[in-house]
Each structure stands twice: as C-alpha cells, then as structure tokens.
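Each reported figure results from applying straightforward, stated rules to the coordinates on display, with no laboratory input. It should be emphasised that the depicted structure is a prediction, and the values quoted were computed from it without experimental measurement. All Cβ positions, even for glycine, are placed from backbone atoms using ideal geometry, and neighbour counts span all protein chains on display.
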Amino acid sequence: MRIGVDFGGTKIEVAILSPDGREIARERAATPHGDYDGCVRAIARLVGETAAKTGASGPVGMGIPGAISAKTGLVMTSNATWLVGKALDRDVAAALGRKVRIENDANCFALAEAVDGAAKGARCVFGAILGTGVGAGIVLDHKVFSGQTGITGEWGHNPLPWPDPSEYPGHPCYCGRQGCMERYVSGTAFAAEYASRTGYSLRGHEIVAAMRTGDAEAQATFQHYAKSLARGLAVIANVLDPNAFVLGGGMSNVDELYRELPALMRPYVLSSEFATPILKPLHGDSAGVRGAAWLWDDGDDLDARAPT
C-alpha cells in the first residue's frame, strides 16, 4: 500500500492507497502553524495512526508548498516559511522510521492526474495550478521532473507574454518584478481585475455567475483572463510541447475555459498541428495527497522502512 501526505498551511492530510490506486483511508489534522517541530510530530502521529489502522507499510510520499534544494537538501521557496532551511524529509523519516520523499505540491497534483487522473496515458503532462497563486508541475512517463535546482514549474513568475500596450509594464508582483503571469491568471488576479473595472469586490465564483447572466464587466474580465492564460500556456506548448495540459486550483472549475482556450492559444503556438487537450482535473482536491502517494513507484523499494 502507498502512503501519501499533503502538507498545507492549514491542514495536514494523509491518504492510504491500494496498489491499484483505490483509496483505503484518509485522515486530516490541523497544521501547527509556525511550529516546525510540532509539524514534524503531527505528520508522524497522523501517518503512524493511519498506517496502524490499515496495516500499511513502506515509505511515505509528501507534497509541500515549496521544494527541497538539490544543493542543500533543505526546504526552500515555501510560503510555509517555518519550513524554510529545514531538512523536513530527513526529520520526518527519523520520526517515523520510514523513508520519506518530498515534492512540491503542484508536482504531486500533476502526478496524480498523469497516473490515473484526467491525463492518464499521456507521456508528458503539464499541470497548471490556478488558485490563490500560480504554479505548475511537469510529469514525464509517470515521474515528476523537478529540474536541476528543484524549481521546475515556477511558471507563475515568468512575464505575461505578448503584452499589449495597456498591459505594459505589468502589475507589480510580490517577487519584486512586474508583469508576472501570477498577476494575471491566478484566482486572486481574476477578482482583482473585476474590482479594478467595477469598484466592486466579488469572489471568483460570483464573477463567473455574473458573467453567465450577461454582466458585461464580468464577461470582459473573463475574456481578458482567458486570453492571458492562453498566451501563457502557448509558451509552454512551444517550449515543452506536452501531450496534455491539466488545470488545477479554483479557476479550473470554470468550464468555459476548456471550450475557449484551444482557439485562443492557436495564434501563439508555432505548430500548425496544435491540438493538445486541455483537461479538467479528475481528482480535484484529492490530487495532492494522491500524487504524494505515487511518488514511490513500483521500481522503488516499497517495503523499505529505514529512514533516508
């Protein structure tokens, strides 16, 4: 059986999967916010209790909002700032007495959708997270591709491509630059665009509902959003040429995107044969913890119990 952990700023979730991917058990607990040692203990306790109930043995896969530095082995670039600079995989492994493998949570999302989700059967999958922020994961032949330094998929902090004059030089981004994709295609950006047009603050699903009833400003907000997203995905099509795109995060629930994106992307994609599917996720909120469980594959030592 496979053990997956999805670590977030508010909750820690553990799932046990059967070898064929069926969910056997799922448990969650509140994250001890800001308390690193408390987080390690909470993860170990939740995994231990859930594994004991199901008889699950073997190593643990874990998704986190951040990445493990290939150079230092320590957590970097995490918005759960109390993890930064810590050897989280080694510390959790020592607490559990099991091997632990950690990946970015966007990578876990992409892996879940590539293995047995919306993009099952695709060799190369680009999973784009469109939520409070913007990120992505890349999966090649059912394996996460993390890159040389562990930041593969940081798509949200590249500039919006092919900007028109009204978009230049771009919105300021918290990363210190201007014009980042995150400032145009996150759910946060979608709501901010509507507020800038109308002076009213609505949540994303409320803007979508207004768009569907014919609200002109909501429709204009969506069209600008879709065109921005199309340009960003077109760059990925030109550079990576994946077999499938899968969208995640809150904006992935907007069905109109799947109808409009292919035509909006084509003028920016070099290949005249572009017909890459853009897919709605199958696993939804379960993708992160499922992908974490799939971080160990059949070629790994799934019965190993010693810490790394």
*Can you list which of the GluC sites (Glu not before Pro) found in the stretch 256-298 are DSSP loop residues with at most 14 other C-beta atoms within 10 Å?*
E273
*Fully extended, how many nm does the chain gain between E23 and Y258 (0.36 nm per residue separation, minus their Cα-Cα distance)?*
81.8 nm
*Using Cα centres only, tell me the gap between the stretch 189-243 and the stretch 13-27 in whole Å.*
35 Å
*Step through the residues of the stretch 176-181 one at a time and calculate ³J(HN,Hα) from phi using the Karplus curve (6.51 cos²θ - 1.76 cosθ + 1.60, θ = phi - 60°), rounding each to whole Hz and writing x for Gly and Pro.*
x, 9, 10, x, 5, 3
*May I ask you to list the lysines whose Cα is less than 29 Å away from that of K120, ignoring any residue fewer than eight positions away on the same chain?*
K11, K99, K143, K227, K280
*Enumerate the residues in the stretch 31-52 having an amide nitrogen under 20 Å from the point lying 7 Å beyond the Cα of S69 toward its Cβ.*
36-37
*Based on the Cβ-Cβ distance from T149 to T213, what FRET efficiency comes out when R0 is 51 Å, to the nearest 0.05?*
0.65
_Three-way shape label, the stretch 119-281, alpha-carbon gyration tensor, a/c 1.5_ = prolate
*Can you give the FRET efficiency for S57 and D164, using 1/(1 + (r/R0)^6), R0 = 41 Å, r = Cβ-Cβ distance, to the nearest 0.05?*
0.15
*Among R22, R101, R123, which one shows the biggest mean-square fluctuation in a GNM of the chain, springs joining Cα atoms closer than 10 Å?*
R22
_What's the magnitude of the charge dipole for the stretch 119-281 around its Cα centre, counting Lys and Arg as +1 and Asp and Glu as -1 at the beta-carbon? Answer in Debye, nearest 20._
260 debye
*asked:* Looking at the stretch 119-281 only, what percent of DSSP beta bridges run antiparallel? Nearest 5 please.
replied: 60 percent
_Applying a 10 Å radius around every beta-carbon, put 125-132, 39-46 in order of their mean neighbour count, most first._
125-132, 39-46
*Over the stretch 119-281, calculate the relative contact order: mean separation of alpha carbon pairs under 8 Å at least 6 apart, over the residue count, as a percent.*
25 percent
*asked:* Given the -39500 (n - 2.57) contribution per DSSP H run of 4+ residues, what per-residue ellipticity at 222 nm results for the chain, rounded to the nearest 500 deg cm²/dmol?
replied: -11000 deg cm²/dmol
*the chain - percent relative contact order, Cα under 8 Å, separation 6 or more*: 23 percent
*Figure the gain on full extension for A94 and N79 (residue separation times 0.36 nm, minus the Cα-Cα span) and round it to one decimal in nm.*
3.0 nm
